[in-house]
Amino acid sequence: MRDAIFPDGVTYLEELLFDADPAEDLHMMLDSPGGDGETAVRLARSAQARCARFTVIVPDQAKSAATILALGAHEILMGPTSDLGPVDPQFQLADGRSLVAAKDIIAAVAAAEAAIATNPDTYPLHASLLSDVSGLMVQQARSAIDRSSDLVLEALKSSPDRTAKAAKAALAKLKDPLIDGPKNHAAVFGADDAIACGLPVTKLDPSSEQWQQIWRLYAKYFALGGPIYEGRYSSRAPGASG
């Protein structure tokens, strides 16, 4: 799965998993800048319902909502380039693909309000710069941030390896590094960080045959460009021409 995480992805993934054998293990190679956390929880639950053991492989990035999806796995495979990231909600801009972090929306509006209060003549400039941001979007951003902890907990609980008590304990360890602490959506959360927080991460040696095979396969998908969903029997590249 190589895509931003939004509701359409549920349908694309369902097409790959609808006839999966629940007695078999499922490995998902995930490359995503993030997206909608509610959708990520749905994806994690769907994957867990279709397999005996769910493993997420992160060759490059699984940020924000993709981190939430990974938290629902039995195991996360990571290497030297792998990166999870802050669980701050993101919103699509008018082009339908570009993403902006909720924290950045709130910070931009607060900065504009402060600047206008100091110098009212700058109102037209700031209004123009924030023309894509509505009051409703700001409120949605605040509400989404408030929901982040609940989404992380729901993702953690979707793994049958965790009891409700264990999921709450894991959330307590993740709250500062993934939710409250980061000021930048691009903040790095690598394999060592994840292991230190008690996540079920296997850190692969970059010289190992397993990691090299993972990277070679990922590089082929990267070369294709754009979103792609591929399973055992079918492939889909949303938005591709031809």
(message) Within the range 151-170, does at least one residue satisfy the condition of being surrounded by fewer than 17 Cβ atoms within 10 Å (Cβ to Cβ), in contact (Cβ under 8 Å) with a residue 24 or more places away in the chain, within 30 Å of residue 42 (Cβ to Cβ) and not assigned by TED's automatic domain parsing to the domain that holds residue 182?
(response) no
(request) State whether one or more residues within the range 92-109 are surrounded by 14 or more Cβ atoms within 10 Å (Cβ to Cβ), under 21 Å from residue 203 (Cβ atoms) and polar (S, T, N, Q). (result) no
(message) Out of the residues in the range 173-222 meeting the condition of being in contact with a helix residue (DSSP H, G or I) (Cβ under 8 Å, 6 or more places away or on another chain) and of a type in the set (Lys, Arg), tell me which one is surrounded by the fewest Cβ atoms within 10 Å (Cβ to Cβ).
(response) 183
(request) Being touching a Pro at 6+ places or on another chain (Cβ under 9 Å) and in a loop (DSSP other than H, G, I, E, B) is the filter; apply it to the range 26-68 and report the residue that is surrounded by the fewest Cβ atoms within 10 Å (Cβ to Cβ). (result) 52
(request) Would you mind finding the one in 88, 83, 104 that is of a type in the set (D, E, K, R) and modelled with pLDDT of 85 or more? (result) 83
(message) So, in the range 225-234, exactly how many residues are surrounded by 14 or more Cβ atoms within 10 Å (Cβ to Cβ) and out of contact with any Pro (no Cβ under 6 Å at 6 or more places or on another chain)?
(response) 4
(message) Against the definition (modelled with pLDDT of 90 or more, under 18 Å from residue 69 (Cβ atoms) and β-branched (Val, Ile, Thr)), how does residue 202 come out, yes or no?
(response) yes
(message) Here is a check on your reading of the model: is residue 109 in a helix (DSSP H, G or I), hydrophobic (A, V, I, L, M, F, W, C) and without any contact (Cβ under 8 Å) to a residue 40 or more places away in the chain?
(response) yes
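The values are calculated or read from the model by the stated rules, or taken from the named source; none is laboratory data. Here the structure is a predicted model, which means the values were calculated and not measured. Quick reminder, even Gly has a Cβ in these numbers, built from the backbone with ideal geometry, and neighbours come from all protein chains shown.
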